[in-house]
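Enquirer: Structure below; questions to follow.
No lab work stands behind these numbers, since they all come straight from the coordinates. As the structure is a computational prediction, the values presented were derived from the model and not from experiment. Positions of Cβ are generated from backbone atoms using ideal geometry, with glycine treated the same way; all protein chains shown enter the neighbour counts.
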Amino acid sequence: MERVDRCVVLVDAGYLLGAAASLLAGEPARSRITVDHASLIQGLRELAEADTRQPLLRIYWFDGAPDRVPQPEHRRLRVMPRVTVRLGALTRSDGRWAQKGVDAAMHAELTELARNRACSDVVLVTGDGDLLPGLMSAKEHGVAVHLWAVQAADGDYNQSEDLVAEADERRVLDRAWITRAVRAKELTGICAPPPVPRPEIAAILSAPLPESALAAAAERAEDAVRNGSRTAPAEDGAQPAPAPAGPKGGGVPTPKDLAGLRAPGQPSAAHPAPHPPNATLRWSSDKGWIERPGGGTLGEPPETASLPTLAQLTSAEQRWADREEDITTVGGDPFEVGQVFARRWMERLPENGHVQKLSTLYPRIPHRIDGELLRYAARFGLLAHKDDQIDEHDRYAIRAGFWREIDVRTAADHGPAGEQPGPEGIRGGRTP
């Protein structure tokens, strides 16, 4: 079988991007960098063809993903010309993410390419010494092996010494080359602004628990005593008050949290007091305390129940275009996902009056639209959490992005701020 004179690039994404993060951001966390994948792939192709003096056959991108489900970056990469994505598993152990099966997949691909004489030169972007047998096998089949390293942050090696010794040619991708496609993120805290303190929410959370919850708390306390656990006594001998049934770890309460609470002064669980004043939920739900202009009511009001969903507003052609945009341009950041969803929804509304109806609910998103928003977010790997639930921070950021886009576009439609102002709290950049 005659060997084909062309080159192939095998990229260990965990090594390439982790080393780039160490170099640019001081730590190997890929969340600390932003990657222009189109520029990165183009740069790899041009450099490989220049180094090997052979045309490119293909770039293989090896990476890990939870349950091997393609993440947004993988979806963008695999539709690029001459790029093939191979995914291993990504597992979390002792608080750290680890790739499983990536080095084995690279070894299998390398030996198969060499055995089939599919190329004359192979470029390896990796530092893993486990690839040494595959590298040696490729050399025995007459393939020239080029080993590329990312410049180490401390000036030392970040590759296996045995791998370096066996390579035919070596190159270091320095900071100047890396920064053409990769940059460090600025430390701005979370991707959405922190919640603005809400006195009415604090009042709800400080309300006495219903009798059923108090009984459950007492039962738990008895169990703790039986099991030998002790709690510190309250000051002045008072019994410690049970913690409110708020969200785990604190934060913005969910409708389920608030549904278990009652207003101050409640005589009994069987006779709940009226809804607390101004008790507006930040989370979408059709349950719990919700006060709207014109009187607090539960359930979806008629004027907002008629709001169309994005699916109802989207044609087959638009659905295809949306999917292309999701793959090629939407990064998958929770805040960005909320913005993209809101933009599409507003652009396809048949009349602007629907936006005004939505604004009366701020900061609550109608249940049907909110569910559709979270299902859309799930496409970007935001369900990769315990029990397939989007975590609290991501939910906040998704909805914050939704309202921010509504606010920006509403302000643009109505001219300078102050003319036809939207719902209180949206103007001035406040987010739910």
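Enquirer: Test of understanding: what is the full-extension gain from Gln312 to Ala412, defined as 0.36 nm times their sequence separation minus their Cα-Cα distance?
Expert: Extra length available between Gln312 and Ala412 comes to 33.5 nm.
Enquirer: Over the range 7-184, what per residue volume does the convex hull of the Cα atoms give, in whole Å³?
Expert: Roughly 111 Å³ of hull volume per residue.
Enquirer: Then there's this: Give me the dipole magnitude in Debye, nearest 20, for the range 1-127 about the Cα centre, with unit charges on the beta carbon: positive for Lys and Arg, negative for Asp and Glu.
Expert: It works out to roughly 320 debye.
Enquirer: Can you figure out the FRET efficiency of Arg375 with Glu46, using R₀ = 41 Å and their beta-carbon distance, to the nearest 0.05?
Expert: Efficiency computed from Cβ-Cβ geometry: 0.55.
Enquirer: What is the gain in length, in nm to one decimal, between Arg115 and Trp177 on full extension, counting 0.36 nm per residue of separation less the C-alpha to C-alpha distance?
Expert: The Arg115-Trp177 span can extend by a further 19.1 nm.
Enquirer: Still on this structure: Extending each Cα 7 Å along its Cβ direction at Leu132 and Thr329, get the distance between those two points in nm, one decimal.
Expert: Roughly 4.8 nm, to one decimal.
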